[in-house]
Amino acid sequence: MKKILMIEDDPSIVELASIHLKDIHCELTKAYNGFEGLHLANTNSYDAIILDIMLPDIDGIEICKRIRAEKNFTPIMMLTARSEEIDKIIGLETGADDYLTKPFSIREFTARVKALIRRSEINSTEQVIVDEVLQCGNLQLDTQKRKVLLEDQKIELTPKEFDLLYLFMSNPGISYSRETLLNLVWGYEFSGYEHTVNSHINRLRTKIEPNLTNPKYILTTWGIGYRFTDEIK
């Protein structure tokens, strides 16, 4: 039985979700306000978190930020009654794994939850198996501890920033388009949201590059996208 946390202030949506999640062998923990949900998320273990953006006390974007700040990498799907592009962009950039706009079909909802659970299982397997330290010059990435050091100083990265850097450092010299990076790092094809990649690359460079006007690690491949240097040992 998989454990799901749902942080949603609409009881009718929560009860409907509870009924259908049982059909896919999931046990639902319910939180009807943000602070209760945040406490549950950071004090218990779940296979996935379903998080509404519009909550009465603290919004879902802030909850997502705080969950990730605690190094809690449980897959998160955000829900919103609005369809503005900015919601989706902010949700993805603060560490959410997926995004669903209300009203949604139950079939789509359960399919997305299943995908989150699969991601959780893959992440758990990788954490057990992968124990690798990648080094490039003064930049070091520890996959098991999810820690990045630059000149022996710890660099704080968001989960997606870490995943991007890991992909780059694992494949030096390989050029990736923005669309490919979206698919590989976010796990879904968010067509039209290539600027999300740009903002992550810009933040990564701010944190690891000694000279932003002449990047040393994350390089631009003109007409394609980005690559990690293969000239530094």
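In the neighborhood of residue 14, defined by Cβ-to-Cβ distances under 10 Å, what is the net charge if each Lys or Arg adds +1 and each Asp or Glu adds -1?
Numbers: positive: 30; negative: 8, 9, 10, 15, 52.
Cβ neighbours under 10 Å give a net charge of -4.
If you split all Cα-Cα distances of the chain into 10 Å bins from zero, what percentages do you get per bin, shortest first?
Each 10 Å bin holds this share of Cα pairs: 7, 32, 33, 20, 8, 1.
Nearest-5 percent of antiparallel DSSP beta bridges in the chain? Mind showing how you got there, number by number?
Details: 17 of 35 bridges.
So the antiparallel bridges amount to about 50 percent of the total.
Which net charge results when you count Lys and Arg as +1 and Asp and Glu as -1 among the other residues whose beta-carbon is under 11 Å from that of residue 170?
Charge balance in the 11 Å sphere: -2.
Quick one: among 155, 49, 63, which has the greatest mean-square fluctuation in a GNM of the chain with alpha-carbon springs under 10 angstrom?
Maximum fluctuation in the GNM of the chain, among the listed residues, is at 155.
Under 10 Å, Cα contacts only: if you run a Gaussian network model on the chain, which one of 108, 179, 27 comes out with the highest mean-square fluctuation?
108
In square nanometres, what is one fourth of the surface area of the convex hull spanned by the alpha carbons of segment 158-228?
Result: 4.4 nm².
Helix 11-23 against the longest principal axis of the chain: what's the angle in degrees, Cα atoms only, rounded to the nearest 10?
80
Since every read-out is calculated from the coordinates, none of them should be taken as a lab result. None of these values were measured; they are calculated from a predicted model. Please note: Cβ atoms are built from the backbone with ideal geometry, for glycine as well, and neighbour counts cover all protein chains shown.
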